[in-house]
Amino acid sequence: MQADLLDFTGDPGLGAPSDAAVRYRPDHWLLIDGERIAGVLPPEQPPGADWPRHDHRGRLLMPGFIDTHVHSAQLDVIASYGTELLDWLERYTFPAEARHAEPAHAAQAAEAFVSALLANGTTAAVVFPTVHRASADALFGAAHAHGMRLVTGKVMMDRHAPDDLRDDVTQSERDCEALIRRWHGQGRLAYAVTPRFAATSTPEQLAMAGALLKRHDGLYLQTHVAENQAEVAWIARLFPDSRSYLDVYDQHGLLGERSVLAHGIWLDDTDRRRLADTGAQIAHSPSSNLFLGSGLMDWRALHEAGVAVTIASDVGGGTQLSIPRTLADAYKVQALRGEKLSAFKALHAATLGAAQALRLDGEIGRLEPGCMADLCVWDWAHGPVAARRDALARDLHERLFAWMMLADDRALVTTLVAGRTQYKRRNDDSGAMETQDERTQPRAAP
Ligand code: GUN
Ligand code: ZN
């Protein structure tokens, strides 16, 4: 494919835009062989006639985006009015999640969710389904069918949740073990031990989660931490012997280099040092934090402590799956803190930064030979206002920044996963790798 290729070779840092770690290769050829990127050639050196050619000149091609925290069962509660976190869970979210006890509903919802990610240029994600084993099965199955890199696991909740959303330690462990056996390491799937948050798991369940992480290699851990002040106060009452909210997880062996903690707004310096020491990452969810009025995450303090910050839509607390829309919110959250988030830093966090934090940078997040061909191709501008702004941009950062602030799914031309077209904008006949033929048919589940 020929396009304007953009990816990163390192962390661009916060503050004034620096292009030291930015790799911009306009009009270059990206060669794809089967599932993987085979090479990159300059415009004057087109590949041989035996390479299929797809003309995306004048378009922006990036590694597929990585959404490090999102709830597949919460598409149906996006844009629910008038609450903060704890009320929002009770009033809207738990009832929607309860419907996923029904396997047919879970399967239909999982496919709709995965398709929606792909239609936003997101090719990899770390996802909460629901407490029901069938919802995790359905999500793994849907991701596998599309060849996606997906990390998920059944939600664990053995207290402070409605009856139809509670498990118990024994049943939860049995379900986790069965799901790990079936899905962990199958194709591009990995299992995440998923205690929802400290309020909805007993200390016994958190200890069991820690034991699972020790028992199996390569498992992830996903949960929420320090999102909302009422929540933080509740956790302090529930765990009076823990130094902080984060310390609850630390005491149960849940912090490690594959731990993905959503939010991390109300942390202190000791927490941040502990995150850095253990290699755990914060999945920053700016759209959700604004929508639920949770607070403004201190990216600079995390950055200076050496903690990886990645980008998450956190739908349905977040109001869209779109990573460019989420990055625009991230910019505004940092603006309210007096901090500047460059487009370079923001896009790095959604690609290479996330891949590194997930220990997957040999596979995703870069336009590098040997990496999987997980790609998204975008119009530089969609619609007359964006086109006018794009035409006036004087350098790469200005252009990319305008793109990040203005783009949404309408600007997405096509999404490839492992070299196959998994999304193609309708009424756009240029440049698809292939038509929607049998190559996009579901693969059999293991
Ligand atoms: N904390 C515990 N559960 C949730 C959830 O579903 N969404 C968000 N944003 N925070 C949570
Ligand atoms: Zn969440």
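A protection proxy built from the mean count of other Cβ atoms within 10 Å ranks the segments 332-345, 310-323, 229-242, most packed first, as 310-323, 332-345, 229-242.
When only the Cβ of Lys, Arg, Asp and Glu is charged (+1, +1, -1, -1), the dipole of region 114-175 relative to its Cα centre reaches about 280 debye. Highest mean packing first, where packing is the average number of other Cβ atoms within 10 Å per residue, the peptides 386-393, 85-92 line up as 85-92, 386-393.
Springs between Cα atoms under 10 Å define the GNM used for the chain, and in it the highest mean-square fluctuation of GLN205, GLN186, GLN45 occurs at GLN45. Using the Karplus relation 6.51 cos²θ - 1.76 cosθ + 1.60 with θ = phi - 60°, the per-residue 3J(HN,Hα) values for region 406-415 come to 10, 7, 8, 5, 5, 8, 7, 8, 7, 10 Hz, with x marking Gly and Pro.
So how strong a dipole does the chain carry about its Cα centre when Lys and Arg Cβ are +1 and Asp and Glu Cβ are -1, to the nearest 20 debye? Mind showing how you got there, number by number?
Details: 45 positive and 59 negative charges, 92 e Å.
In total the dipole reaches around 440 debye.
Put simply, the amide H of VAL155, placed in the peptide plane, has neighbours under 5 Å in THR130, VAL131, HIS132, leaving out anything fewer than 5 places away on its chain. If you take every DSSP beta bridge whose two residues both sit in region 1-123, what share of them, in percent to the nearest 5, is antiparallel? Close to 75 percent. Model label points for SER115 and ALA233, set 7 angstrom from Cα along the Cα-to-Cβ axis, are 4.4 nm apart.
The alpha-carbon of LYS340 sits under 19 angstrom from the alpha-carbons of these lysines, leaving out residues fewer than 8 places away in its chain: LYS332. When the Gaussian network model of the chain links Cα atoms closer than 10 Å, the mean-square fluctuations of HIS303, HIS146, HIS132 top out at HIS303. Expressed in units of 2.2 N^0.38 Å, where N is the residue count, the Cα radius of gyration of region 235-383 is 1.10.
The length gained by stretching the chain between VAL40 and GLU257 to full extension, at 0.36 nm per residue less their Cα-Cα distance, is 75.0 nm. Spin-label model, HIS105/GLU204: points 7 Å from Cα along the beta carbon direction are separated by 2.9 nm. Ranked by how many other Cβ atoms sit within 10 Å of their own Cβ, fewest first, the residues ARG59, ARG181 fall in the order ARG181, ARG59. Rounded to the nearest 0.05, the FRET efficiency derived from the C-beta distance between ASP55 and ASN427 at R0 = 22 Å is 0.85. In order along region 316-325, phi translates into HN-Hα couplings of x, x, x, 9, 7, 7, 5, 5, x, 5 Hz, rounded to whole numbers, per the Karplus curve 6.51 cos²θ - 1.76 cosθ + 1.60 with θ = phi - 60° and x for Gly and Pro. Here is the list for region 140-175: trypsin sites (Lys or Arg not before Pro) lying in DSSP coil, each with at most 16 other C-beta atoms within 10 angstrom of its C-beta, are ARG159, ARG166. With R₀ set to 35 Å, the beta-carbon distance separating ALA301 from VAL385 gives a calculated FRET efficiency near 0.50. Around the amide H of ILE32, modelled in the peptide plane, lie the amide H atoms of ALA38, all under 5 Å away and 5 or more residues distant in sequence or on another chain.
What is the gain in length, in nm to one decimal, between LEU392 and ASP168 on full extension, counting 0.36 nm per residue of separation less the C-alpha to C-alpha distance?
Working: separation 224, 0.36 × 224 = 80.64 nm, distance 5.88 nm.
Stretched fully, the LEU392-ASP168 segment lengthens by 74.8 nm.
Here the label points at ASP87 and ALA16, each 7 Å from Cα along the C-beta direction, are separated by 4.5 nm in the simple model.
Counting DSSP beta bridges in the chain, what percent are antiparallel, to the nearest 5? Present the calculation step by step, with values, prior to reporting the outcome.
Details: 25 of 56 bridges.
Just about 45 percent of them are antiparallel.
Average 1/r across all pairs of distinct alpha carbons in the chain, invert it, and you get the Kirkwood radius: 21.9 Å. By the count of neighbouring beta-carbon atoms within 10 Å, fewest first, ARG272, ARG36 end up ordered ARG36, ARG272. Amide H to amide H, with H built 1.01 Å from N, ALA262 comes under 5 Å of THR223, HIS224, VAL225, ALA283, counting only residues 5 or more places away or on other chains.
For the chain, the relative contact order comes to 21 percent (Cα pairs under 8 Å, sequence separation of at least 6).
Quote to one decimal, in nm, the extra length available between ALA79 and ALA178 on full extension: 0.36 nm per residue of separation minus the C-alpha distance between them.
Working: separation 99, 0.36 × 99 = 35.64 nm, distance 3.45 nm.
Extra length available between ALA79 and ALA178 comes to 32.2 nm.
Considering only C-alpha atoms, what is the centroid distance from region 344-390 to region 141-220, in Å? About 29 Å separates the Cα centre of region 344-390 from the one of region 141-220.
Working note: 222 nm ellipticity from helices only, DSSP H runs with n ≥ 4, each -39,500 (n - 2.57), summed and divided by the residues of the chain, gives -10000 deg cm²/dmol to the nearest 500. Along the axis of the charge dipole computed for the chain (Cβ charges of +1 for Lys and Arg, -1 for Asp and Glu, origin at the Cα centre), the listed residues ILE37, GLY82, HIS100 are led at the positive end by ILE37.
In region 189-341, taking the dipole from charged Cβ atoms about the Cα centre, the farthest positive-side position among SER294, THR223, GLN320 is held by GLN320. Which one, GLY253, ALA211, ALA236, is farthest towards the positive end of the dipole of region 210-253 when Lys and Arg carry +1 and Asp and Glu -1 on their Cβ? My answer, from the dipole projection, is ALA211. Each of CYS176, CYS371 was scored by other Cβ atoms within 10 Å of its Cβ. Listed from fewest to most, they are CYS371, CYS176.
Mind checking the angle between helix 133-145 and the chain's longest principal axis? C-alpha axes, 0 to 90 degrees, to the nearest 10. Around 10 degrees separate the two axes.
Since every read-out is calculated from the coordinates, none of them should be taken as a lab result. Predicted model, so just to flag it, every value in this text is computed and none were measured. Cβ: placed from backbone, ideal geometry, glycine included. Neighbour counts: every protein chain shown.
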